[in-house]
Amino acid sequence: EDVTLPAGFRALDAGCGYGATMLDLAPRLGGAWLGLTLSPEQAARGMAAVRAQGLDGRVEIRVASFDAPPPGRFHLIYGIESLIHSADPAATIRNLASALEPGGWLVVVDDMPKGEMPAEARRRFDGFRRFWRAPVAPTRAGWRAALEGAGLEVT
């Protein structure tokens, strides 16, 4: 399904890192963009890139957790390889969903197993979780349950 956004939309990048996705999309789509990262270094480097691209006032990167979204509502919230790091994915999804405008979009792009795995695959996946700092790493069904539990329609 296509994501449609109204004129003057607000977008939240939950776990933006250096802000590369916002730096790519903001010039093409317009809108106001806010990214959250836990790293002061990522925020500083990302904001330097924002200024270099002349996107001050349209793109901002803050040091904050996506588990406590900033005040206000967003038409688009997304997490790209970031939400997997949540210690409580269902709570994270509920918090993000509560910041959505009615009819808004929450997009999750992340690593997730489709379901149960054979023992060797589970052992390798547990290593991935440990090194990727993903304490829970829900399955596809787990993410779906979290999304639906937050009252969101999954497409």
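The values are calculated or read from the model by the stated rules, or taken from the named source; none is laboratory data. Keep in mind the model is a prediction, meaning the values are calculated, not measured. For neighbour counting, all protein chains shown are included, and Cβ atoms are generated from backbone atoms with ideal geometry for every residue, glycine included. SASA here: full protein model, heavy atoms, side chains in, ligands and nucleic acids out. Shrake-Rupley method; radii C 1.70, N 1.55, O 1.52, S 1.80 Å.
In the set Asp88, Asp67, only one residue is surrounded by fewer than 22 Cβ atoms within 10 Å (Cβ to Cβ) and more than 13 Å from the chain's Cα centre (by Cα); that residue is Asp88. Of all residues in segment 53-64, those that are open to solvent by 20 Å² or more (accessible area, probe 1.4 Å) and in a loop (DSSP other than H, G, I, E, B) total 6. Scan segment 35-44 and give yes if some residue there is open to solvent by 10 Å² or more (accessible area, probe 1.4 Å), closer than 19 Å to Ala150 by Cα and not in a helix (DSSP H, G or I), otherwise no. No, because not a single residue in segment 35-44 is open to solvent by 10 Å² or more (accessible area, probe 1.4 Å), closer than 19 Å to Ala150 by Cα and not in a helix (DSSP H, G or I).
Yes/no matrix, rows are residues, columns are (1) in a helix (DSSP H, G or I); (2) in contact (Cβ under 8 Å) with a residue 60 or more places away in the chain; (3) within 19 Å of Ala145 (Cβ to Cβ):
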{"position": "Pro69", "(1), (2), (3)": "no, no, no"}
{"position": "Gly72", "(1), (2), (3)": "no, yes, no"}
{"position": "Tyr78", "(1), (2), (3)": "no, yes, no"}
{"position": "Ile84", "(1), (2), (3)": "yes, no, yes"}
{"position": "Ala87", "(1), (2), (3)": "no, no, yes"}
{"position": "Val107", "(1), (2), (3)": "no, yes, yes"}
{"position": "Arg123", "(1), (2), (3)": "yes, no, no"}
{"position": "Arg129", "(1), (2), (3)": "yes, no, yes"}
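Residues of segment 122-140 that are under 12 Å from Ser86 (Cβ atoms) and open to solvent by 100 Å² or more (accessible area, probe 1.4 Å): Arg133 alone. On the given criteria, is Trp105 open to solvent by 30 Å² or more (accessible area, probe 1.4 Å) and among the aromatic types (Phe, Trp, Tyr)? Criteria met by Trp105. Among the residues examined, Ala146 does not qualify as of a type in the set (Gly, Ala, Ser), within 21 Å of Leu38 (Cα to Cα), open to solvent by less than 60 Å² (accessible area, probe 1.4 Å) and within 15 Å of the chain's Cα centre (by Cα). All told, Arg94 meets the bar of being open to solvent by 30 Å² or more (accessible area, probe 1.4 Å) and either closer than 18 Å to Leu152 by Cβ or in a helix (DSSP H, G or I) (or both). It is to be established whether one or more residues within segment 109-121 are open to solvent by less than 30 Å² (accessible area, probe 1.4 Å), under 14 Å from the mean Cα position of the chain (by Cα) and in contact (Cβ under 8 Å) with a residue 12 or more places away in the chain. Yes, segment 109-121 contains a residue that is open to solvent by less than 30 Å² (accessible area, probe 1.4 Å), under 14 Å from the mean Cα position of the chain (by Cα) and in contact (Cβ under 8 Å) with a residue 12 or more places away in the chain.
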